[in-house]
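Everything on this sheet refers to the single structure shown next.
The values are calculated or read from the model by the stated rules, or taken from the named source; none is laboratory data. Given the structure is predicted, the values throughout are model-derived calculations rather than measurements. Glycine also receives a Cβ, built like all others from the backbone with ideal geometry; neighbour counts cover every protein chain displayed. What goes into the accessible areas is simple: the full protein's heavy atoms, side chains included, and nothing from ligands, DNA or RNA. Shrake-Rupley method; radii C 1.70, N 1.55, O 1.52, S 1.80 Å.
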Amino acid sequence: MTELQSIASQVRRDILRMVHGCQSGHPGGSLGCTDLLVALYFQQMKINNRKGKGGYLSFNLDGKGEDLFFLSNGHISPVFYSVLARRGYFDVKELATFRKINTRLQGHPTTHEGLPGIRIASGSLGQGLSVSIGAALAKKLNGEKNIVYCLMGDGEQQEGQVWEAVQFAPNNNVDNLVAFVDVNGQQIDGSTNKVNNNRDLGAKYKAFGWRVVTVDGNNMDELTTLLRKIKRLVGKGQPIAVMMKTEMGQGVDFMMHSHKWHGVAPNDAQLEQALAQLPETLGDY
Amino acid sequence: MKKYTFTEKKDTRSGFGAGMQVLGQTNPNVVAMCADLVGSLKLDAFIKENPERFIQCGISEANMIGMAAGLTIGGKIPFATTFANFGSGRVYDQIRQSVAYSDKNVKIAVSHAGLTLGEDGATHQILEDLAMMRALPGMTVINPCDYNQTKAATIAVAEYEGPVYLRFGRPVIPVFTDADQKFEIGKAWMVNEGTDVSIFATGHLVWEAIQAGEMLEAEGINAEIINIHTIKPLDEKAILKSVKKTGCLVSAEEHQVAGGLGSAIAELLIQGTPYPQEFIAVKDSFGESGTPAQLMEKYGLTANDIVAAAKRAIARKK
């Protein structure tokens, strides 16, 4: 296992334990996007590494001089929280409070509780790409060279606002923006093909004027190679869209190949069975 | 009773445009955004002087609100502008999640609010926006009364940190407030002191209230007129002080009776001593096409209506 794979294994354990702990939340998409968030936060993104109070990373909401990440499909908050905690924004022990009363780790991410690492609330789908474009435009106005990353779901592509944003970005040369679409082919009510077929998403983004690339989002080597390439693709006049093929429930055999674990928590036996497939690498919280 | 006169009539949206021109020159963080209504929002001067700080969003209001939220993350002060209908109801969820819940310093500045949009009719005549915006935690809601006050409010909201809904309109109306006024968010403006009835008005209804005050005075009724330009946060102290003195009130707004200024005042008063209150507002109805003056008359939002309401309120006093 490489270092990133090792971190990803721990993050997947965190996701399962968090969702099990409150018997609610969304494990499927979280497990599918784990590799991307680990690769972004532990290798790709330029973030402020200065430590502040309590030895945690000091977090500046403005993100001046930093690369930014926005999670548009906020329901996969477990992976976001785990990666932020493991990266050092707050105590991993706090993951145990997920979705519980008085927690900073709300069901869907929010700035409202002051959790370090979160810059926008998300959950109601379709809004994150617009926010990311705004943040990218601010970076340009401020003369910053940093990159803004956004992650959306493929089911989320059914929201109209996404296409308002998809149309705007190329027309306004927002080329410091990288939008990932988590193409796992599943949504709550079934496969995206059956619920409301997105058809060829990559072709659609391309037709709107984006530079489109594809990647296996559950192959860490392929992912990190692509991310290195992306650093050379930004700043060339076009926003970049990554059609990222993933498996919902990746890493846990009985959660894969189905939409059934989109928003269902494992019971005690299922948790045990799942954790047995994922080595504890950094210590459970 | 203080007499208010005017030498010219102007639209409040032009006050907004003038305020934006000042902000363009004085605050480098201010960014103007518009969804294909630059002329209607009077942004031409700002755009001419600060082309790099203007974002033409096209007819995509949801994206505009989201981008505005993103711009604040880089320290910008975005003014997201369109018609009130498209800047409130159409994008309520975007405002709720990306702006209000996310505590973002976005200024939603909207024109053509209410019936006085006129001939375009009910599809465009938003009469529910104050209620929607007032219901959002942390949202400041402002509805200034004339050109000068709108200009001053525009400049003031840029200095204030937090989400703001700034509502103004299309018709030309008398300019009767001071050109050099300092706009204080959340501070009611005493237009005329009186003892018999309190008239709390907002937006275009303030001038109607002033005229009503003169008509009432001719009949020997001494009305206190207060301009509630900030609907949230409400100047509770000023309202309580006034009704304690007069013992009854009229609320006046170019909005549905449900959820607007009148509701806000009623919610306040019922928690203490309730007073007879009459509502000048649209009574659970959509608008329609017509001239602004025709519509204000048909839907009961004129000085004459305020006079009648004031008399009813006084009659209900024990």
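How much of the accessible area of region A:3-277, probe 1.4 Å, is carbon plus sulfur, in whole percent?
Carbon and sulfur: 46 percent of the exposed surface of region A:3-277.
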Taking the alpha-carbon distance from B:LYS9 and a cut-off under 30 Å, which lysines remain once sequence neighbours fewer than 8 residues away in the same chain are dropped?
B:LYS42, B:LYS48, B:LYS107, B:LYS151, B:LYS182, B:LYS187, B:LYS232, B:LYS283, B:LYS298, B:LYS311
Spin-label model distance (nm) - A:GLN273 vs B:GLU288, 7 Å beyond Cα toward Cβ:
6.6 nm
Which residue, chosen from B:HIS124, B:VAL22, B:ILE55, occupies the Cα position most advanced towards the positive end of the dipole of region B:9-174, where the dipole is computed from +1 (Lys, Arg) and -1 (Asp, Glu) charges on Cβ about the Cα centre?
B:VAL22
Quick check: from the Cα gyration tensor, does region B:189-315 come out rounded (a/c under 1.5), prolate or oblate?
oblate
Rounded to a whole number, the mean other protein chain Cβ count within 10 angstrom for residues of B:160-170 is 0
B:GLU49 and B:ARG312 label points (each 7 Å along its Cα→Cβ direction) are spaced in nm at 4.6 nm
Each residue of region B:125-141 in turn: what ³J(HN,Hα) in whole Hz from Karplus with 6.51, -1.76, 1.60 and θ = phi - 60°, glycine and Pro shown as x?
8, 5, 10, 10, 5, 4, 5, 5, 6, 5, 6, 7, x, x, 8, 8, 10
Between region B:87-136 and region A:151-205, how far is it from one alpha carbon centroid to the other, in angstrom?
27 Å
Projected onto the charge dipole of region B:189-315 (unit charges on the beta-carbon of Lys, Arg, Asp and Glu, signs +1, +1, -1, -1), the Cα from B:MET215, B:SER198, B:ILE280 with the largest positive-side position is that of B:SER198
Charge dipole (debye, nearest 20) of the protein assembly as shown; +1 at Cβ of Lys and Arg, -1 at Cβ of Asp and Glu:
1060 debye
To the nearest whole number, what is the average tally of beta carbon atoms from other chains within 10 Å of the beta carbons of peptide A:159-170?
4
What's the total accessible area buried between chains B and A, using a 1.4 Å probe, rounded to the nearest 100 Å²?
2200 Å²
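Ignore the peptide's own chain and count Cβ atoms of other chains within 10 Å of each Cβ in A:117-126; give me the average, rounded.
5
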In a GNM of chain A with a 10 Å cut-off on Cα contacts, which of A:ASN196, A:ASN173, A:ASN184 has the highest mean-square fluctuation?
A:ASN196
In the protein assembly as shown, what % of DSSP beta bridges are antiparallel (nearest 5)?
15 percent
For B:ILE126, other-chain or 5+-apart residues with amide H closer than 5 Å (H placed, Pro excluded) are B:ASN85, B:GLY114
Estimated dipole of region A:3-277 in Debye, rounded to 20 [Cβ of Lys and Arg +1, of Asp and Glu -1, Cα centre]
820 debye
How far is helix B:147-159 tilted, in degrees, relative to the longest principal axis of the Cα atoms in chain B, given as a value from 0 to 90 rounded to the nearest 10?
50 degrees
Which one of A:CYS150, A:THR192, A:ASN267 is farthest out on the positive end of the charge dipole of region A:3-277, using unit charges on Cβ (Lys, Arg +1; Asp, Glu -1) and the Cα centre as origin?
A:CYS150
Classify region B:9-174: rounded, prolate or oblate, from the alpha-carbon gyration tensor (a ≥ b ≥ c, eigenvalue square roots; a/c under 1.5 rounded; otherwise prolate if a/b is larger than b/c)?
rounded
Averaged per residue, what accessible area in Å² does region B:171-232 show with a 1.4 Å probe, protein chains only?
36 Å²
Counting sequence-distant residues (5 or more places) and residues on other chains, those with an amide H built under 5 Å from that of A:GLN186 are A:THR192
About its Cα centre, what dipole magnitude does region B:214-262 give when the only charges are +1 on Lys and Arg Cβ and -1 on Asp and Glu Cβ, stated in debye to the nearest 20?
360 debye
Classify chain A as rounded, prolate or oblate from the Cα gyration tensor: take a ≥ b ≥ c as the square roots of its eigenvalues, call it rounded if a/c is under 1.5, otherwise prolate when a/b beats b/c and oblate if not.
oblate
Once amide hydrogens are built 1.01 Å from N within the peptide plane, the residues lying 5 or more places from B:THR82 or on another chain with amide H under 5 Å from its amide H are B:ALA109, B:SER111
What is the Cα coordinate range of region A:171-285 on the first, second and third principal axes, sorted by size from largest, in whole angstrom?
51, 37, 20
What 222 nm value per residue comes from the helices of the protein assembly as shown, counting each DSSP H run with n ≥ 4 as -39,500 (n - 2.57) and dividing by all residues, nearest 500 deg cm²/dmol?
-11000 deg cm²/dmol
Chain B: angle of helix B:303-315 to the longest principal axis, Cα-based, in degrees nearest 10
50 degrees
